[in-house]
Amino acid sequence: MASSSTQASIDQAHESKEVDTGTAGRGVWLVKVPKYLAESWQRTDGKCEVGKLRIAKPKFQGGKPEVVFTIDDKLLEKEKDSSGDVLPTVPKDHKFVLTGIADQNLAILGQDADNRVSIAGKVIQRAECRPIVDSNYMKLKKSHIDIANRPVNEVIKLDQVQVKYKPVMDHQFNIEHRKKKKDEGKRSRAEKDQVMEMLFSAFEKHQYYNLKDLVTITKQPVTYLKEILKEFCTYNTKAPHKNMWELKPEYRHYKEDK
């Protein structure tokens, strides 16, 4: 049978969680940005200003507004590639190409440090952030192409003997793996009736399980356990319970709500 800590983690994974919908009505924009722009934002502490948006009214009635994003000067510092060469700075100005969301209902979900889930808002506008092409942008694209075409493995001539990477008799990963396998012991097949008893007991608590959890509960070989599951259970291939097992209808004994 599964240990108390393992069973507790399984129960926690199946728990229903409350979702904070206080800001669900707030309108947000869903914007696709270039990779270099996303990487520059990730290097910040999340509290600084990364740029400014300038939104101009449509030039004619029924047209789309003109949106220009200007990167803050702090993010335009010179960067170096793996070889130490200085890369061209990223473009400072970017233009938003606005597109509608049609009949889609899109929402932004968030999760804080305490694992509390909330809806940050609903998407009211989609856009693609594109750089305003100039000579500096062309230099940046050329440098990215050169980096992508560089060979991964290069021959380096060594002037002296290197002692950084001495061969070892055995790696720590292999030692830990063998120790873990020895401690757990080789899984042996139990009687089919005994395995079914453990499975039915588990499915009385939760309707859906993935294979990893069922292996942990029954402590049976994966191939042997799959043979039994195919006889008494159904494997879900579609959301919302994709890649999870549940009992076939003729074996279910769930209590119906009054």
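The values are calculated or read from the model by the stated rules, or taken from the named source; none is laboratory data. The shown structure was predicted, so the numbers you read here are calculated from the model rather than taken from an experiment. Ideal geometry is used to build each Cβ from the backbone, glycine not excepted, and the neighbour counts take in all protein chains shown. We work out accessible area using only protein heavy atoms, side chains counted, and drop any ligands, DNA or RNA first. Shrake-Rupley method; radii C 1.70, N 1.55, O 1.52, S 1.80 Å.
Please report the carbon-and-sulfur percent of the accessible area for the chain; probe 1.4 Å, protein heavy atoms only, DNA, RNA and ligands left out. Carbon-and-sulfur percentage of accessible area, whole number: 51. At a probe radius of 1.4 angstrom, the accessible area of the chain per residue rounds to 79 square angstrom.
Compute the angle between helix 135-149 and the longest alpha-carbon principal axis of the chain, please, reported from 0 to 90 degrees and rounded to the nearest 10. Its long axis makes an angle of about 40 degrees. Can you figure out the FRET efficiency of Phe173 with Ile124, using R₀ = 45 Å and their beta-carbon distance, to the nearest 0.05? It comes out at approximately 0.35. Distance between the 7 Å Cα→Cβ label points at Leu158 and Val133: 4.7 nm. Between Leu106, Leu98, Leu158, the GNM of the chain built on Cα springs shorter than 10 angstrom shows Leu158 fluctuating the most. Structural size metrics of the chain, computed from C-alpha coordinates, are Rg and Dmax of 28.3, 82 Å.
In a fully extended conformation the segment linking Thr223 and Lys141 would gain 24.5 nm over its present Cα-Cα distance, using 0.36 nm per residue. I'd like to know which of Val19, His241, Gln42 lies farthest towards the positive end of the charge dipole of the chain, counting +1 on Cβ of Lys and Arg and -1 on Cβ of Asp and Glu. With unit charges placed on the Cβ atoms, the residue in question is Gln42. With the helix formula -39500 (n - 2.57) applied to DSSP H stretches of n ≥ 4, the chain reaches a computed 222 nm mean residue ellipticity of -9000 deg cm²/dmol. Helix 192-203 and the long axis of the chain differ in direction by around 50°, with both axes built from C-alpha atoms. Loop-resident chymotrypsin sites (Phe, Trp or Tyr not before Pro) (DSSP state other than H, G, I, E or B) in the range 26-70 with no more than 12 further Cβ atoms inside 10 Å of their Cβ: Phe60. Multiplying the residue separation of Thr237 and Gln61 by 0.36 nm and subtracting their alpha-carbon distance yields 58.5 nm.
Exposed loop sites were defined as GluC sites (Glu not before Pro) in DSSP loop states (anything but H, G, I, E or B) carrying at most 10 other C-beta atoms within 10 Å; in the chain the longest segment without such a site runs 78-153. Taking the Cα centre of the chain as reference, the dipole from Cβ charges on Lys and Arg (+1) and Asp and Glu (-1) amounts to some 660 debye. Checked against a 19 Å cut-off, the cross-linked pairs Lys192/Lys242; Lys95/Lys141; Lys180/Lys230; Lys179/Lys212; Lys35/Lys92 give Cα-Cα distances beyond that limit for Lys192/Lys242; Lys180/Lys230; Lys179/Lys212.
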